[in-house]
Amino acid sequence: ANVQNGQLHAHIKHQNMEFIQRRRAELFSKSTSAEKSVCRILDTLGIRYIRQYPIKTPRKLFYADIYIPSMRLVIEVDGGYHFTTANGGWTGIGRHAYSIYRIRNKDAYSPMRVKMLIKKHLRRNIMR
């Protein structure tokens with residue numbers, strides 16, 4: 001279930017919300033079928049998420065493909081762009097208390113693969 005914008009507004013207090021909403025709308029319009037597939041699988045599992053979630057770091061504003069607030073989990077559905085250095089620094093997001101998992105486009109259509117990713121995250125956080 002896609003989380004409503006109230007939680008998003010609470011997260012971004014000092015940003016230009018109009019710009020962020022326009023950018024999110026642009027990213028939504030360019031969503032891949034792989035991203036949509038992961039969202040459908042999360043819906044089936046009853047997991048609440050936010051698509052194109054803005055994450056502010058000291059240097060840049062990033063948009064996570066999918067963010068699960070209850071787990072502080074970012075899921076990036078990796079197309080060719082994510083495998084380049086041009087996307088600039090998703091690794092820095094981890095320093096801001098988010099866990100980042102990537103799933104390849106071809107695996108995004110598999111409920112089993114998405115469930116494995118969630119279980120891996122949960123196991124890792126239980127052991128901390």
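Could you list, in sequence order, the residues of segment 43-58 that are farther than 15 Å from R72 by Cβ and of a type in the set (A, V, I, L, M, F, W, C)?
Hit for segment 43-58 is L45, nothing else.
For every residue, the table says whether it meets (1) at pLDDT below 90; (2) of a type outside the set (D, E, K, R).
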site: Y53; (1), (2): no, yes
site: F62; (1), (2): yes, yes
site: E76; (1), (2): no, no
site: F83; (1), (2): yes, yes
site: K120; (1), (2): yes, no
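In this structure, does I100 turn out to be at pLDDT 90 or above, surrounded by 15 or more Cβ atoms within 10 Å (Cβ to Cβ) and part of a strand (DSSP E or B)?
Working: at pLDDT 90 or above: no; surrounded by 15 or more Cβ atoms within 10 Å (Cβ to Cβ): yes; part of a strand (DSSP E or B): yes.
When the stated conditions are applied, I100 does not pass them.
The values are calculated or read from the model by the stated rules, or taken from the named source; none is laboratory data. Predicted, not measured: the structure shown is a model, and the values here were computed from it. Heads up, the Cβs are rebuilt from the backbone with ideal geometry, glycines too, and the neighbour counts pull from every protein chain shown.
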